[in-house]
Structure formats: C-alpha cells, structure tokens
Amino acid sequence: MTATASPFTAPVPPPVERSTAVRKRLTGRAVSARTVRYLLLLAFLILILIPLYVMVVTSFKTAGDIRPTTAWNLPERWSLDGWAKAWDQLSGPLLRTVVMAVVAATVSSMLGSLNGFVFAKWRFPGANVVFTLFLFGMFIPYQAVIIPLQEIMLKANDLGLPKGIGTLIVVHVIYGIPICTLIFRNYYATTVPTEILEAGKVDGAGMWRSYLSIVLPVSIPGFVVTLIWQFTSAWNDFLFALFLTNANNGPVTFVLNSLASGQNPDYASNMAGALLASLPTLAVYIILGKYFIGGLMSGSVK
Amino acid sequence: MTATTKSRAAAPSRGDTPARRHSRIRWRSWGPGLAMVAPSIVLIGIFVYWLLYKTAATSMTDKHSFNPNADVHFIGLDNYASLFGEPYYQHTLWNLLVLTVVFLSGTMFFGLLWALLLEKGVKGEGIFRSVYLFPMAVSFVAAGVVWKWLLSNRTGDQAIGLNQLFQELGLGFLQNSWWSSTAAFNMAAMAIPAVWQLSGYVMALFLAGFRGIPSDQREAARMDGASEFQVYRHVLFPQLSPIALSALIIIGHMSMKMFDLIYSIAGANSYAAAVPATYMWTQLFSKSDPANASANATILLLIVAVVVVPYLIYTNHVEKGQGS
C-alpha cells in the first residue's frame, strides 16, 4: 500500500534502467521478443482506436454517403454538415456543462483539501471511523439514493435552488467529497511532514494558520488531480442528469442521448455530437494526462 | 476558529479544576479539526446515509404508486420476496452476473497484459499509454453512440458495424447478434464496450504497481538464478495483489451500478440487456412503483456493501499496521 502511495504527483515513474551486464545479454531471442512486444502493442493500439475511427469518419460524411456498404470507408466528400448540426443542438448544453463541471470540481476539491488535511494531520477522536464512513459513500450505487434525492431536490428547487445545472452542481459537490477527501488525505499524509506542523503549533499557529501557510501552498499537485477527476466525473455523469434535469436545462450527456436515441438516427451529426461532448475531457486527459495517471495511482491504489 | 486555537497556550482562567482544564486543552487541539470537517459530515450524513435509509425504508412499504395521498403501510420484506420471485428480476440478476464476470476478467486480462508489455519501458510508451487510457475520458453515453452502431445485430447484406467489418475481412462466420440476442450469454457482448473503456485504467494501476517495486529486488532474484518467469511469478506478482484487489473492487462496483452504457446502447426498457439498475428505471417510470424500485436498489447496495465494507476495514487495518 505504501509502495504505491509515492507516485502521487509525479507522472508515471520511468522504468528501471537495466544494468549494462543484463543489457549485453540481449540475444537474438531477446530481439524477437521485443519485436513481438511491439507488434502486440501496435495491434492493441489499432483495436482501441477502431471506435474513434468510426466516429471521426462518420461525422464528416454527408447523409447520402452513409451506406452500410461503405460505412468503414473514408468519406467520399468531407463535409462539415454533421458537425454544424451537432453544434447547433449541443452548444447550449456544452456551455452549461462547462460551468457545471468547473464549479463542481472546484468546490469539491476545496472541501476535499480541508477534509484531507484534518484526516491526515489534525485528527479528532473517531476520525478513522468517520473517514471510513466517508469512503463508503464513494462506492454506493447512486440508484440507492436517487429516489429520495429527487424529492429533496424538488423541494430545494421550490425553496429557490436553481433547477438544472444549479441542482447538479450541488449534487456533484456532495458526492465528490469522499474521493476528494481520500486523494488529499493520501497526498498530505505523504508530502507534509508532521514535524513542520508541530513546530508551527509550538510557535502558536492554529489550525487555520497551519493550513493556509504550510499545507495549502504545497497542495497544487493534489488540486490538479482532484480537479481533473471531478471535472471528468461531473462531465460524464448521466444518471443524476436523467433524474434531476431535462433536455432544456440538462448537461450535454443528457441532450446527446436524447438526440442519439431517435428513430431515424442521423449518424453524421450523432457521431459529431459524441465527439463534441468528449472533446473537453479528452483535452484534459491529453494535456494533464500524466498527472491524471499519477492521481489514479494514489487515489485508488492506496 | 483561529481565535480559539491561538489561545491554546493561554493561561487557564481561575476556578478551573485540573481535569476540566485538561479536557478543554484536548478539545482545543482537536476541536477545530472536527469543526472543519463538520459541514462535510453533515452533507454525507444527509445525502448518503439518510437517503440510503429513506430508500431502505420505502422498500419495506406498500408504496406502489406516486400518489402522495395514498396510505402507505410497513409490510416488512414482502417486496423483496416478490422481487426475487419475478422471472424478469431473475433475468436481470443473471445478466448482471454475466456482465460482471466478463467485464472483470476482460479488464483484468487486458490491463495486466498491457502493463506487462509496457512496464520495462518501450519507445513511445507515452503514446501507447495515452491511447490505451483515452476511452476512460469518454462518457458511457458518448461511447454508447458509436458502440450502438458497432454492435448492431444486422447481418448479411444489411450488416453494419462490426458485423459488416467481419464480412469485408472475409470473417463472415464471426457475425452475430451481439447483446440483442436471447442467448444466455448475450450480456458478454455488452461488456465489450465496458472493457474497452476501463482496461486502460486497470493498466495504469498495474503499471504504477510495477514501477513502485524497487529494481534491486529483480536484480537480486536474477543473480540468484531465477528465470524471468520466476521473477514475475515469485517476486513481482505477489507484491501486486493489493493492486489487483483494488482494481477488482473498483471495476466490480462499477459493474453493479452499470446503467449509462446499457441505457444508451440498448435503451432503458430493453429486456435482452436488462440489469437491476436499468430495471429499477422501468419499475419507477413504466410501472410507477417506488417501493419495488427501492427494494431493487437496496439489494444492489447490499451486494456492493458485502464486498466493499470488508475491503475498507481491511485497508484501514493494514494502514494502521504500517503506522501511517
């Protein structure tokens, strides 16, 4: 458990260099093993990219070009019609979802940082039990809360909580608390030396001072991880959206699904829409991917 | 809050007994921490535990309609008994079992295989890793749009999706109706997109595990004459078992609540692809039966709890043992 706690912030650590003695032993057999390795890696790469290929190719086709016989071919004529139509239908929901995911990720990360600090460094009696109860909240099937949740949220809407995105922000913040707390707790446990906090206490620094002046300044890597994680899960959520919003105020997953489940699917605009709806999270992964992998390692493999 | 903690070392006021002073100092040391977590405790208490209780309570009533004026009575476990007696529900449980077994074994197999292929370091590792991981960034709903097409059951001249690809490649015998058949194991096909999405995640976990093992352990084993296979079998794999357990738990609980993917590929009310999570939707909105839907959801919760609670306790225990 501790063995894997270290690569929290760091990108994936580089592989261990083989000593020269071992490297010299690379014989013909080793060379062919390496070839097989690369061929396998490449084969899997292609297999994984098949759905992406289909999405991209189909999204650029004209309606007349989408026939079963040529479905796997490149477009006869590259057309942006599908993309234009998808943009018309999804630009509003996309904007709403950006607001929702950014706000939800920021707030639950801040709560996670405060909680993680307490659970790692400023513990109270029973903190372990409370922490475990928090963690269980991460694993519950949301089906088991969603019926009463819908009732509560309807009441909250009557009391003035904005419908749609506003409601979803509250829900994502709350159900994001467990994972963010876990990630920050593990992060602080390994990166903030208790001695520094003890020294601060001796100097009369209270908890807030310790948090603001010692802990928060070194928290950026933790925030990167929780922000990515929460942004992605809020963005990709469908169940909460389905129960708590409608097509006029819901996030992009909701609207995309309604478009794609029609009777006569417009494949070009559906595929373009699916790509549009995936671009923000894909961009996050591509730009910040190495931190994300680091975060996966620490957040989940404890 | 700052004020109370700052004055921690301040002189005790007159009239304090030593015992009271002691307890006040202890309170001052941990009180602010509790206060800081208190809002989250309240939120988790309400939105996780209170709502779980509400669902469980509804599952033991005869609230078989949305009528707010209807009389609701406590009926014990009757809803559970009738649910387990329903052939439809039994069918969803079987589907869930098939889905989970294929999903788990698929992600574990590919995740471990890719980690093994990558762990010693290859040229372009970053590219392979990113591509293997990228499906995870895509929502089940967006992925569902393309997988619905890929897993179409049309065959022969009408074939689209994978069936048509098979035909073009001269592999026509591979054509099949995927998840939409009535075959007992049709849900194995529904696990394909799920495996596609999450194998990269399992790979990342295992890769982290391999990289976390100090290199001298391998060197030492090799010096002792261990073959490469023996190094993996006896040195590396045993150290990865906590990671394998985490991966199983994470993927397993995702499988239990699998809803988005099935909803977007098969539709909410498909019988062929029904699992408890989608059936709950049917119970709620086609049958307007909150009590039975709650019973269904509570069973899902119990299945997850049976696996996760011992895991959390075990994790807690191990961490204490290591003094962290």
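Quick notes on this structure:
- Scanning segment A:201-221 for residues that are assigned to a helix (DSSP H, G or I) and more than 11 Å from chain B (Cβ to nearest Cβ) returns A:Ser213, A:Ile214, A:Val215, A:Leu216, A:Pro217, A:Val218, A:Ile220, A:Pro221.
- Entirely in segment B:94-185, the helices (runs of 4 or more DSSP H) that have 2 or more residues that are in contact (Cβ under 8 Å) with a residue 40 or more places away in the chain: B:125-133, B:140-150
- Residue tally, condition of a type in the set (A, V, I, L, M) and over 18 Å from B:Leu162 (Cβ atoms), over segment A:46-81: 3
Okay, residues lined up against (1) within 16 Å of B:Met190 (Cα to Cα); (2) surrounded by fewer than 23 Cβ atoms within 10 Å (Cβ to Cβ); (3) touching a His at 6+ places or on another chain (Cβ under 6 Å):
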{"residue": "B:Leu97", "(1), (2), (3)": "yes, yes, no"}
{"residue": "B:Ala115", "(1), (2), (3)": "no, no, no"}
{"residue": "B:Gly121", "(1), (2), (3)": "no, yes, no"}
{"residue": "B:Val141", "(1), (2), (3)": "yes, no, no"}
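- Looking at A:Ala260, A:Ala272, A:Ala277, just one residue is more than 30 Å from B:Ala293 (Cβ to Cβ) and either buried (at least 16 other Cβ atoms within 10 Å of the Cβ) or at pLDDT 90 or above (or both), and that residue is A:Ala272.
- Residue in segment A:59-80 that is at pLDDT 90 or above and either under 23 Å from the mean Cα position of the chain (by Cα) or in a helix (DSSP H, G or I) (or both) present: yes
- Of all the numbered requirements in (1) assigned to a helix (DSSP H, G or I); (2) open to solvent by 30 Å² or more (accessible area, probe 1.4 Å), B:Ile250 misses one, and that requirement is (2).
- Only one of the listed residues (B:Gly161, B:Gly144, B:Gly209) is touching a Ser or Thr at 6+ places or on another chain (Cβ under 7 Å), within 11 Å of another protein chain (Cβ to nearest Cβ) and closer than 30 Å to B:Thr315 by Cβ. That residue is B:Gly209.
- Any chance B:Asp224 is surrounded by 21 or more Cβ atoms within 10 Å (Cβ to Cβ) and acidic (Asp, Glu): no
- Verdict on B:Ala191 being modelled with pLDDT of 90 or more and at the interface with chain A (Cβ under 8 Å from one of its Cβ atoms): no
- Helices (runs of 4 or more DSSP H) contained in segment A:81-179 and holding at least 2 residues under 30 Å from A:Ala272 (Cβ atoms), open to solvent by 20 Å² or more (accessible area, probe 1.4 Å) and among the polar types (S, T, N, Q): A:81-121
- Of residues in segment B:86-111 being of a type in the set (A, V, I, L, M, F, W, C) and within 13 Å of chain A (Cβ to nearest Cβ), the one nearest to the chain's Cα centre (by Cα): B:Leu96
- For segment A:225-242, a tally of residues being outside any loop (DSSP other than H, G, I, E, B), facing chain B (nearest Cβ under 10 Å) and in contact with a Leu (Cβ under 9 Å, 6 or more places away or on another chain) returns 2.
- First in segment B:255-275 and touching a residue at least 12 places away in the same chain (Cβ under 8 Å) and at the interface with another protein chain (Cβ under 10 Å from one of its Cβ atoms), second anywhere and aromatic (Phe, Trp, Tyr) and open to solvent by 20 Å² or more (accessible area, probe 1.4 Å), Cβ under 6 Å, 6 or more apart: B:Asp260/B:Phe140; B:Leu261/B:Phe140; B:Ala268/B:Trp281
- Qualifying residue in segment A:243-255 (condition: in a loop (DSSP other than H, G, I, E, B), of a type in the set (Val, Ile, Thr) and either at pLDDT 90 or above or surrounded by fewer than 17 Cβ atoms within 10 Å (Cβ to Cβ) (or both)): yes
- Looking only at segment B:38-85, and only at residues there that are at the interface with chain A (Cβ under 9 Å from one of its Cβ atoms) and closer than 13 Å to B:Asn292 by Cβ, the one that is most open to solvent (accessible area, probe 1.4 Å): B:Thr58
- Comparison of B:Asn186, B:Asn163 shows that the only residue that is out of contact with any helix residue (DSSP H, G or I) (no Cβ under 6 Å at 6 or more places or on another chain) and open to solvent by less than 60 Å² (accessible area, probe 1.4 Å) is B:Asn163.
- One residue from B:Gln283, B:Gln230 being modelled with pLDDT of 90 or more and either open to solvent by 50 Å² or more (accessible area, probe 1.4 Å) or more than 10 Å from every other protein chain (Cβ to nearest Cβ) (or both): B:Gln283
- Of all positions in segment B:166-177, none carries a residue that is under 25 Å from A:Thr69 (Cβ atoms) and open to solvent by less than 10 Å² (accessible area, probe 1.4 Å).
- Each residue in segment B:202-221 was checked for being over 16 Å from B:Pro238 (Cβ atoms) and either touching a strand residue (DSSP E or B) at 6+ places or on another chain (Cβ under 9 Å) or open to solvent by 10 Å² or more (accessible area, probe 1.4 Å) (or both), and 4 of them qualify.
- B:Pro290 passes every criterion in (1) free of Cβ contacts under 8 Å to residues at least 24 places away in the same chain; (2) crowded, with 21+ Cβ neighbours inside 10 Å apart from (1).
The values are calculated or read from the model by the stated rules, or taken from the named source; none is laboratory data. A quick note: this is a predicted structure, and the numbers were derived from the prediction, not measured. Note that we place each Cβ from the backbone using ideal geometry, even for glycine, and neighbour counts take in every protein chain shown. Accessible surface areas use protein heavy atoms only, side chains included; no ligands, DNA or RNA. Shrake-Rupley method; radii C 1.70, N 1.55, O 1.52, S 1.80 Å.
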